Amino acid sequence: MPDPPGGGTRTVLLDIEGTTTPVDFVTRVLFPYAREHVRDFLMRRAPTDRGLQDDLAVLLSDHRADERAGQSPPPRRDDDPGAALDSAVAYVHWLMDRDRKSTALKSLQGRIWEEGYRSGRLQGQVYPDVPRAFARWRAQGREMAIFSSGSVLAQKLLFSRSDAGDLTPWLRAFFDTTTGAKGEPESYRKIARALAREPAAVLFLSDVAAELDAARTAGLATALCVRAGAAPAPVDHRVVRSFDEVLT
């Protein structure tokens, strides 16, 4: 895939799951790891970790909002520390089961994964074409950035401790849902402003058509990334199956 019509791509903005990284790594490694370790992590860290306490406060607010909306989350109990822990863990599991794009949940998951990466029990995975593309795009004078629903911490951990080595020196910036939802055009406008780029100078690659629709509405160039084994949805975005096809 050459430069989009009119040229001028200065930044390649990348999704992670299904784009730079196999979906199976997220669903079969990262999510189960967070689920398995959340109870122990909260027991050890919640009493003294201010950032974690802030996440839990937001999750409590989210729980109340789910109750008001009739979503039937697990009952919340605060009558003793053990019951409060049980209910917090149950709610985290409930959110994960629904793949909720909760900023506080993603922050909590990132903190849990941080311990896993630092201990060596986790190692990030990227497709083999990713480091090749990073080197090629940099040689062309372009820059790379990430936009994922996972927290910025989780993004940096994955790329700094990947099976291809530390890839973070190739990446200018990381954006998560604190910027905005991935299905909202304004999120992409904010990212372009943060990068000091005109929207048309940013090419967004994702495996989710709705995200690409939002990015295109914001003025970004787009391409649907369809990895091996995945069937492309009928979309009017350009389709690529490897980064080797992008900006060659």
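So that you can scan it fast, the table gives a plain yes or no per residue for (1) at pLDDT 95 or above; (2) under 21 Å from SER148 (Cβ atoms); (3) in contact with a His (Cβ under 9 Å, 6 or more places away or on another chain); (4) not small (Gly, Ala, Ser):
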residue: ASP15; (1), (2), (3), (4): yes, yes, no, yes
residue: ALA34; (1), (2), (3), (4): yes, yes, no, no
residue: LEU59; (1), (2), (3), (4): yes, yes, no, yes
residue: ARG68; (1), (2), (3), (4): yes, no, no, yes
residue: PRO74; (1), (2), (3), (4): yes, no, yes, yes
residue: GLY82; (1), (2), (3), (4): no, no, no, no
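Quick check, is LYS156 without any contact (Cβ under 8 Å) to a residue 24 or more places away in the chain, crowded, with 18+ Cβ neighbours inside 10 Å and basic (Lys, Arg)? Taking the combined requirement at face value, the residue satisfies it.
Condition first: over 30 Å from THR222 (Cα atoms) and either aliphatic (A, V, I, L, M) or not assigned by TED's automatic domain parsing to the domain that holds GLY110 (or both). Now tell me which residues in the stretch 19-48 satisfy that. Once the filter is applied, which keeps residues that are over 30 Å from THR222 (Cα atoms) and either aliphatic (A, V, I, L, M) or not assigned by TED's automatic domain parsing to the domain that holds GLY110 (or both), the stretch 19-48 yields ALA34, VAL38, LEU42, MET43, ALA46.
Determine if the stretch 13-23 includes at least one residue that is touching a residue at least 40 places away in the same chain (Cβ under 8 Å), touching a Cys at 6+ places or on another chain (Cβ under 7 Å) and on the phi < 0 side of the Ramachandran plot. Yes, the conditions are met somewhere in the stretch 13-23.
If you filter the stretch 156-180 down to residues that are over 11 Å from the mean Cα position of the chain (by Cα) and of a type in the set (A, V, I, L, M, F, W, C), you find that the one that is nearest to ALA139 (Cα to Cα) is TRP170. Of all the listed residues (PRO81, PRO128), the sole one being without any contact (Cβ under 8 Å) to a residue 40 or more places away in the chain and under 30 Å from THR9 (Cβ atoms) is PRO128.
Remark: SER148 falls outside the filter, which requires a residue to be modelled with pLDDT under 95 and surrounded by 18 or more Cβ atoms within 10 Å (Cβ to Cβ). Listed by position, the helices (runs of 4 or more DSSP H) enclosed by the stretch 28-106 that each have at least 2 residues that are touching a Lys or Arg at 6+ places or on another chain (Cβ under 6 Å) and surrounded by 15 or more Cβ atoms within 10 Å (Cβ to Cβ) are 50-68, 81-97. Listed conditions (1) crowded, with 19+ Cβ neighbours inside 10 Å; (2) not assigned by TED's automatic domain parsing to the domain that holds TRP94 are all met by GLY110, apart from (2). State yes or no: is LEU153 more than 16 Å from THR9 (Cα to Cα) and either modelled with pLDDT under 95 or under 15 Å from the mean Cα position of the chain (by Cα) (or both)? Criteria met by LEU153.
Using the structure shown, decide if GLY7 is surrounded by fewer than 17 Cβ atoms within 10 Å (Cβ to Cβ), assigned to a loop (DSSP other than H, G, I, E, B) and modelled with pLDDT of 95 or more. When the stated conditions are applied, GLY7 does not pass them. Out of all the residues in the stretch 33-43, is one or more within 24 Å of GLN155 (Cα to Cα) and without any contact (Cβ under 8 Å) to a residue 12 or more places away in the chain? Checked against the condition, which is being within 24 Å of GLN155 (Cα to Cα) and without any contact (Cβ under 8 Å) to a residue 12 or more places away in the chain, the stretch 33-43 yields at least one hit.
The values are calculated or read from the model by the stated rules, or taken from the named source; none is laboratory data. This one's a predicted model, so the numbers in the text were calculated from it and none came from an experiment. Cβ: placed from backbone, ideal geometry, glycine included. Neighbour counts: every protein chain shown.
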